[in-house]
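As structure tokens, the structure follows; a few thoughts come after it.
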Amino acid sequence: MLTQLSRLSVEADGRYATAEELQFINNYFQTFDWRLSAYEKITKAEAEILNRTEAKMRDIDPNLFQNASGDFTPTWRKDIIQLLTFATATLLVDDQERLREGMLIWHATIAKSYKFERTCKITFEVMPEVVKEFLTPEEAALFNPILTLNQIVLG
């Protein structure tokens, strides 16, 4: 939304915006209640979402959080909390472009340098299943594309 508003301010400079150019604002407000509700639910359930995601990931591969340096679970948890926070903020303001360019590309560089790509990929395969337990279908439909973007960029 913020990126779209910024783009609109440049494109419509010196004139009134057209109805078509303003449609994204109408779309945003039509989904705002779901966005806010999902944001509040995810914020409240953050620890449980992380715990369930980690447990399911360990079921997939008990050694997933091991590398040459040892157990990197604390690093994973810190990073995933940050990514979940940014993803949830993205849901609220509806600005995936800003998330991708601001946070995900930077985090992807870090993940590659530490060889965390497989862990990231599995995280964002499992997390949508876990998050869905806390959200309505409408809320999940708004949030899942953001988690998919995380998986594509990081995995």
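Here the extension length gained between PHE32 and LEU5 equals 8.1 nm, from 0.36 nm per residue of separation less the Cα-Cα distance. Subtracting the Cα-Cα distance of ILE25 and ARG77 from their residue separation scaled by 0.36 nm leaves 15.2 nm. Span-like helix criteria (full DSSP H runs; alpha carbon extent of at least 15 Å along the helix axis; mean Kyte-Doolittle hydropathy of at least 0.5) are satisfied in the chain by 73-93, 137-154. Suppose R0 equals 41 Å; then what is the FRET efficiency for ALA55 and ARG15 from their Cβ-Cβ distance, rounded to the nearest 0.05? After rounding, the FRET efficiency stands at 0.15.
Our note on the geometry: Cα centres of region 96-155 and region 4-30, 28 Å apart. Remark: the THR148-THR43 segment gains 35.9 nm on full extension, using 0.36 nm per residue and subtracting the alpha carbon distance.
Ordering of 59-67, 146-154, 133-141 by packing is 146-154, 133-141, 59-67, highest average first (other Cβ atoms within 10 Å, averaged per residue).
No value in this document is a laboratory result; all are computed from the given coordinates. As the structure is a computational prediction, the values presented were derived from the model and not from experiment. Positions of Cβ are backbone-derived with ideal geometry, glycine not excepted, and every protein chain shown enters the neighbour counts.
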